[in-house]
Structure formats: C-alpha cells, structure tokens
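To start, the structure under review is shown below, and the notes come after it.
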Amino acid sequence: MPKRPDLKVIITSATIDPQRFSSHFNNAPIIEVSGRTYPVEVRYRPIVDDADDVERDQLQAIFDAVDELGRESPGDILIFMSGEREIRDTADALMKQNLPHTEVLPLYARLSNSEQNRVFQSHHGRRIVLATNVAETSLTVPGIKYVIDPGTARISRYSFRTKVQRLPIEPVSQASANQRKGRCGRVSDGICIRLYSEQDFLSRPEFTDPEILRTNLASVILQMTSLGLGDIAAFPFVEAPDKRNIQDGVRLLEELGAIQTASNGHQQLTPLGRQLAQLPVDPRLARMVLEAQKSGSVRELMIITSALSIQDPRERPMDKQQASDEKHRRFADKDSDFLAFVNLWDYLKEQQKELSSAQFRKLCRSDFLNYLRVREWQDIYTQLRQVVKELGIPVNSVAADYRSVHTAILTGLLSHIGQKDVEKQEYTGARNARFAIFPGSGLFKKPPKWCMVAELVETSRLWGRIAARIEPEWVEPLAQHLVKHHYSDPHWEKAQGAVMASEKVTLFGLPIVTERKINYGPIDPPLCRELFIRHGLVEGDWQTRHAFFRANLKLLAEVEELEHKSRRRDILVDDETLFNFYDQRISRDVISARHFDSWWKKISQTQPELLNFEKPCLSRMVQTKLTRWIIRTFGIKGHSNYGFLINLSLVRMLMGSLSISRCLS
C-alpha cells in the first residue's frame, strides 16, 4: 500500500453482492480468486415433505440427517443452528442418542476460549459440531466433510416501529446457504444436506441484506454530520438505508440532545453533539460519560460504557454453569447490573497490581473471565480516558454514589425505562412496549418497581438486558426536551390565591408523574385571570385585606339584604356585570393573588378608588332592576338617561333600608 497510495482496499464480508459494488464504483472490474475446493453434493431433505405426508420437527430432521450421513464414509459433521439455546437443546438431544464413537461440540461466541479451542484440536472418531452462522465465514472448522443446514439464522434487525433491535429467526440468503455448503468441501468431497426444498432455496434472496438496512443509524448519522458530509438521505451509499431508519436515527440523536434543526432545515450538531462525536463509543454510551461530569461519576461511567462496548468478559461454560455463577456472584449488586462491572473492574485492577501477566491470565481462567475481552475492555477505557482528558473533563477520585452513577446512565437510556406491571410480572416501557428482565440479571428474582435496561432485544419475547433500579423522579429533569405534560381540572384555590390544576407527565407514553398539583398560571394565563376575577373578586373567595375588596363586599351584602326584604331575587346585580367591571380595570398580566398584589401596589398610588363600586355606578345597576320591578308592580311611567324615573320616597319605603337608599339618592 505505501507504494500505491492511489489504491484503496475495502475488506468486506464474503457474502456481499460484488456486482453491486462494481456498479457503484464506476463498473470496477471484478477479479475472482477462488480457493481450492472439492465437489459438494447437495441433498434436499425438507423437514415437512408433502410427498411423504410424515410430520416431524427440526430436531427429528437433524437426527435423520445424522443417520443418513452415518452410512457414508467417516467424517465430521457441521450443523448450523440459529442460536445458542437451539445449540444447547440439540446438543443435549444428540448426546442422549448415545451415538457410537461420536463427540458432540457446541460452537458459539459466548463460549470460553478453551471450549471454542476444542473444535480445533485433533481427535479420534466422529465429531459433530453445532455452530451459529459464525462458522459461515468468520472461522473454518477443520476436518468437516458433511454439513447439515436447517437454512435459518438469527438476523439482527432494527424495528423502526418498536424502536428495538430484534433477533428474529429468518431463512438465510442463497449466498449464506452456499457459504455453508462450502464448509464441507475444504479437505475432500463433501455432502450438504439442506433441511428445506430446492424450490425454497431458489425462491430466497440472492444476498443477505446489508447491515446498514438492518440497524439503527444514530452513530452513522452522528459521524457523517460531524464530518460535514451533508444530508444522509442524499448520500450516495452503495445501498441506501430505509428512510424510516434514518428518521429513527435522527430521533435518537435528538433524544440525546446531539443534533438540532438549523434555520435552513438541515440537521446540525449541538455543542454536546460535537463532544459525543469525539468519544469512541456508541452515542448512547458517550452521552452517559458526558453527563457524568455533572454528578462526579466520570470514572464509573468510563468503566461501565467501555464494558457495554464489548462482548461480556464473563464466561459461563455449559458444563460449569454453577461454578461460574458462584465466581461471578461476588461482583453482583442487588440493585444494578451496571455496578457489577465496576466491582469486577476494581477487583481486576487490584489483582493486576499483585500478579504477573501469566498469573493474571491464570486468574481470569479460574474466575471464568475471558482474558482477551478483559484486555479489550481496558483498551477502550484507556481510549475514553484520553478523550475525556482532551475535553477537559475531570475524573473523580472518590467513588460516586448510586444516584449519581445511574442518573448519568439514564441520560442515554431514556427510551429504555420501564414500570413494573405487578399482575403480569413484566414491565411497561416506552411506546407501550412490554418487556421482562433477562434471567441472567441480578434483578431477575426481585425486580424493582422502576428499572432501566442497557438494551431491549427481541427473541422468544422482548428482554431487557443489564438492568438497574431507578426512581421515576429522576427521569423528568433529564428528559425535559422529551416529556409531554397533560393538565386537567383547573380550579381556583382560596388558600393558594391562584388557579391550580392536576398535571400528568409522560415520556414516550409512559406516565412518570401520574398526578401532581401545579400552579396553572404559566400554562393558561387568560383562563387563570378569568377564574381569579370570577372566584376571587366577584364571588369573594379570597383572603385579602385590600380596603376596596371589603367595601365592595359590604355594598353587595346590602343589596342582597334588599332582595331579601323585598322578597325578590332579581335585584342584585348579576355576576357577569361585576366581572366586566373588574375585567375592564385590572391589568391583563394579573392571573393570581400574588400578581394582583404586585400590580395593585403600584396602581393604587395614583388611582386608589379604581376598583371601588362607585355610588352612581352601583345605583344605576341597582336602579335598573328596581325600576323594572316597580313599573310592573305599580304601573309608573316615565324615563331618563338611566331608565324610568321612580319616586324615591316609594323606593325608600319599599326598600326599607336607609343605607341603600342613600347610595341611590
């Protein structure tokens, strides 16, 4: 490469579509370099064969295929399975068959190194290896002469609907099926038994969907935006991602506070987003580290996020599950799987100080820890530590408390929280998702009322992996840009001197505050002003010492007395008239007793009688009603600017109240 700086080499999966790459890069020539292979016979043995009319399941189909290959010349068998659980179940079933001179070995990523290495060691007799699709291209199992292919695999797919990464079992593509077939043609002629029909094979897609079509794109969008590569939707990908996945990636970055929409309509990084782009981990994890500086928990978060960036270093061999569980239980925390990583890290650091490199390797083996993953964990931590230093973020030397650590984690997992449903023993999460804590969690036996999980993965059901207890009141301050507020029952409260209401706060549809009394003033000022005037001033439901208020109530009480003595109910001025009186005089900014006191303190210095019921005004209001009643009763006729003229002597006689008559005279 130093001699050809113009030459760019792209290393990809063996199952990609080479023609698509060639077309994208200006029809670059395709040079095929095929390794030496031997002929492979393909036999189709569908699990359900309509012609035979015989019902059987996949396990029985595998038994039949093993028996069929047992009648051929000696050779090892590689069986492809869709996942770890299927491998364990099939291995147990095969061992119960007591096949002569046969060793059954599992092969999947979570196995310890020693267990994986058994596959590559020399042996006598026949060996049956059960593997996931990691054996298609990632490694070559030696000595394989036969392959049994059920034709399925767990394919990681991001669901834009549920916002979780799913691992459904799907039929593999033709390219993957051919890769599996090729595993048995490396050392001699081979036989591949496919547990599906040839018609099924020919109807499958030629190539596996590229990962960019199957994953959340937040990290890609963050880096592209940081590099100034423009709108991701317009970028010339070899295969453009689904627009819905792009939108979900953007939403996640908005959730993390990493991007915002500029005036030109394009997405741009926030200052926080620019920092996130510099950290060598997933955006969710990077967000946790940056939040940790506020709570003094940067050290713990660097340990946790670097651990979440790799495959779990803790190993659980099939034949030593109890022993490994006992070893790992030393690091468990009853409230948090995240803190188990911190406890393990501290333990390993102490041991490394005391032990040589060889002794430390031996310790890892005895503690059921994968040494290479431990080293990878430490390498990522070192990278994070360097970037954090460059960003000027201080690292705490004193251990952070539980809340400080977990509120920092929570900023990256706001859509991964859940509230326990006691009846169903599961959690209701964001967007009404239903999930359960994974059985391997330290919280599985005693799940808390509220939890957050590092990831939501759908297999046989939706599981929350790596969980921790949280308190719902931690959520709202961290999710102000995401929560929705719902208000009900706005009403005047005399004791508060304000309009109060009931508030419900939800995050992605999940109620994090079910009912909270709040001051409704900032929410709906016009309504609060109206209720203050109607209830506080007009109805007198207010504790205040203002002189105008007491005087007005006294006058209104006298009018009520007039009604009582005259045995009528239509003399007192109506509430709407009183409301209009106050509404026309009081500032629009007055929405509560506190606001009124502040406003009245200033305005009363120049207009002390602004809100007093004036005698002429009140007499007109009372007189209008009285005149109508007197005219109907006595037939008196006449008129003036304010209504009918009334003999005030008659009014005084009817009213029987000198105080009110003086107001009217």
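The values are calculated or read from the model by the stated rules, or taken from the named source; none is laboratory data. Keep in mind that this is a model prediction, so the values were computed, not measured. Note that each Cβ is placed from the backbone with ideal geometry, even for glycine, and that neighbours are counted across all protein chains shown.
General observations
- Pairs linking a residue in the stretch 95-114 that is touching a residue at least 40 places away in the same chain (Cβ under 8 Å) to a residue that is among the polar types (S, T, N, Q), with Cβ atoms under 8 Å and 6 or more positions apart or on different chains, are ALA109/THR132; ALA109/GLN311; ARG110/GLN311; SER112/ASN370; ASN113/ASN370.
- The set of residues in the stretch 73-96 being exposed (fewer than 13 other Cβ atoms within 10 Å of the Cβ) and not basic (Lys, Arg) consists of SER73, PRO74, ASP92.
- If you go through the stretch 477-516 and keep only what is under 22 Å from ARG431 (Cβ atoms), over 19 Å from the mean Cα position of the chain (by Cα) and either assigned to a loop (DSSP other than H, G, I, E, B) or of a type in the set (Gly, Ala, Ser) (or both), you end up with nothing.
- For the criterion of being more than 28 Å from the chain's Cα centre (by Cα), of a type outside the set (Phe, Trp, Tyr) and surrounded by fewer than 15 Cβ atoms within 10 Å (Cβ to Cβ), SER176 fails.
- Hits in the stretch 362-384 (condition: part of a helix (DSSP H, G or I), over 30 Å from the mean Cα position of the chain (by Cα) and surrounded by 16 or more Cβ atoms within 10 Å (Cβ to Cβ)): LEU363, CYS364, TYR371
- Elements of type strands (runs of 3 or more DSSP E) contained in the stretch 1-110, each with 1 or more residues being within 22 Å of ILE155 (Cα to Cα): 76-80, 102-107
- Looking at VAL387, VAL395, VAL457, VAL422, just one residue is more than 24 Å from PRO168 (Cβ to Cβ), surrounded by fewer than 22 Cβ atoms within 10 Å (Cβ to Cβ), assigned by TED's automatic domain parsing to the domain that holds PRO472 and hydrophobic (A, V, I, L, M, F, W, C), and that residue is VAL422.
- Some residue of the stretch 272-289 being closer than 25 Å to SER404 by Cβ and touching a Pro at 6+ places or on another chain (Cβ under 8 Å): yes
- Only one entry in LEU94, LEU99, LEU107 is closer than 17 Å to THR140 by Cβ and either in the same structural domain as ASP367 (by TED's automatic domain parsing) or of a type in the set (A, V, I, L, M) (or both), namely LEU107.
- ARG316 being assigned by TED's automatic domain parsing to the domain that holds ARG375, surrounded by 15 or more Cβ atoms within 10 Å (Cβ to Cβ), part of a loop (DSSP other than H, G, I, E, B) and basic (Lys, Arg): yes
- Selection of the stretch 572-620 for residues being modelled with pLDDT under 95, in a helix (DSSP H, G or I) and crowded, with 20+ Cβ neighbours inside 10 Å yields LEU578, PHE581, LEU618.
- Look at (1) crowded, with 20+ Cβ neighbours inside 10 Å; (2) under 20 Å from TYR38 (Cα atoms) and you find that TYR196 fails only one, number (2).
- Count of residues meeting criterion [touching a Cys at 6+ places or on another chain (Cβ under 9 Å) and in contact (Cβ under 8 Å) with a residue 60 or more places away in the chain] in the stretch 496-552: 4
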